[in-house]
Amino acid sequence: MKESATETGTEPGTALTVDELAARAGVTVRTIRFYGTRGLLPPPEIGPRRVGRYGPDHLSRLALIEELQHQGMTLSAIERYLEQLPPDLSAQDLAIHRALVASWIPDKAEDTTRDQLERRVGRELTEDDLDRLAAMSVLVRTDAPDVFQVDPGLLHLGVRLLDVPIALETILAARTVVLEHSRSAARELSRLFKDEVWEPYREAGPDAEDVARIKSLSAHMQPMVVQALVTAFQRSMKEELREAFGEG
């Protein structure tokens with residue numbers, strides 16, 4: 001008989017068997033065990049009946065490994081990369097780190113049926129859940145009622161937010177604020193790059209080699225700018241919350 005969350009003393013969704021973790025992460029059990037032997041994935045907590053239990057940290061780390069593989073990194077390179085991360089990173093920290101890694105990877109929405117989506121997230125999804133995920137741009141409805149275009153990079157974060165008591169209208173308002181300010185920042189940064197970097201080169205009559213150098217500079221600046229924006233936003237958010245609610 002399958003153990004319940006109550007029997008294991010954990011909240012639903014926070015303690016997964018290896019089979020449940022594999023289904024949630026979209027990988028095989030064999031892959032999870034292989035990552036464990038390579039040190040890419042921390043060992044599970046051993047619960048009653050000697051059953052290994054995995055949590056949000058494992059799920060977030062698997063998602064980060066997937067993004068690094070999409071970048072073309074070998075397993076040896078991923079090992080070295082993960083070794084440089086602080087050992088006490090939370091699932092939230094790993095999710096932010098993964099967002100930074102994924103920020104310069106092309107969008108790759110996947111057509112997913114409702115059954116596939118529910119198996120991937122490990123829960124039944126109501127119509128309200130689907131509306132909330134659509135509001136967060138996690139998925140887009142298609143002409144087929146049970147087929148969606150899903151952004152795998154946002155999926156697990158969006159599902160975690162389903163359990164946060166926030167009204168759909170609030171999610172839509174927050175999304176509008178984020179989009180408006182991010183577009184404004186992107187527009188100003190692009191203008192700054194164009195006026196201060198590109199125009200001087202253009203006016204000087206750059207040759208093909210200079211143009212290639214500028215394009216390379218632009219490509220390498222993107223991840224640095226994204227990281228700077230995320231870091232600045234995190235610090236600003238902490239200051240705003242501290243002013244609004246105090247140190248507690």
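The values are calculated or read from the model by the stated rules, or taken from the named source; none is laboratory data. This is a predicted model, so every value here is computed, not measured. Note that we place each Cβ from the backbone using ideal geometry, even for glycine, and neighbour counts take in every protein chain shown. Quick note on the areas: whole protein, heavy atoms, side chains included, nothing else; ligands and nucleic acids left out. Shrake-Rupley method; radii C 1.70, N 1.55, O 1.52, S 1.80 Å.
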Please identify the pairs in which a residue from the stretch 123-134 that is buried (at least 16 other Cβ atoms within 10 Å of the Cβ) has its Cβ atom under 8 Å from the Cβ atom of a residue that is of a type in the set (Gly, Ala, Ser) and in a helix (DSSP H, G or I), counting only partners at least 6 apart or on another chain. Arg132/Gly158; Leu133/Gly158
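Among the residues of the stretch 63-86, what is the count of those that are under 23 Å from Val121 (Cα atoms) and either among the β-branched types (Val, Ile, Thr) or touching a strand residue (DSSP E or B) at 6+ places or on another chain (Cβ under 9 Å) (or both)?
Going through the stretch 63-86 one residue at a time, the tally reaches 1.
Among the polar types (S, T, N, Q), modelled with pLDDT of 75 or more and open to solvent by less than 70 Å² (accessible area, probe 1.4 Å): does that describe Ser236? It would help to see each step written out before you state the result.
Working: among the polar types (S, T, N, Q): yes; modelled with pLDDT of 75 or more: yes; open to solvent by less than 70 Å² (accessible area, probe 1.4 Å): yes.
Spelling it out, Ser236 is indeed among the polar types (S, T, N, Q), modelled with pLDDT of 75 or more and open to solvent by less than 70 Å² (accessible area, probe 1.4 Å).
Okay, residues lined up against (1) modelled with pLDDT under 85; (2) in a helix (DSSP H, G or I):
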residue	(1), (2)
Leu41	no, no
Arg53	no, no
Ile65	no, yes
Pro86	yes, no
Leu94	yes, yes
His97	yes, yes
What residue, of Leu41, Leu85, Leu59, Leu68, is among the aliphatic types (A, V, I, L, M) and surrounded by fewer than 19 Cβ atoms within 10 Å (Cβ to Cβ)? Leu85
Aromatic (Phe, Trp, Tyr), farther than 29 Å from Met73 by Cα and modelled with pLDDT of 80 or more - does that describe any residue in the stretch 138-148? yes
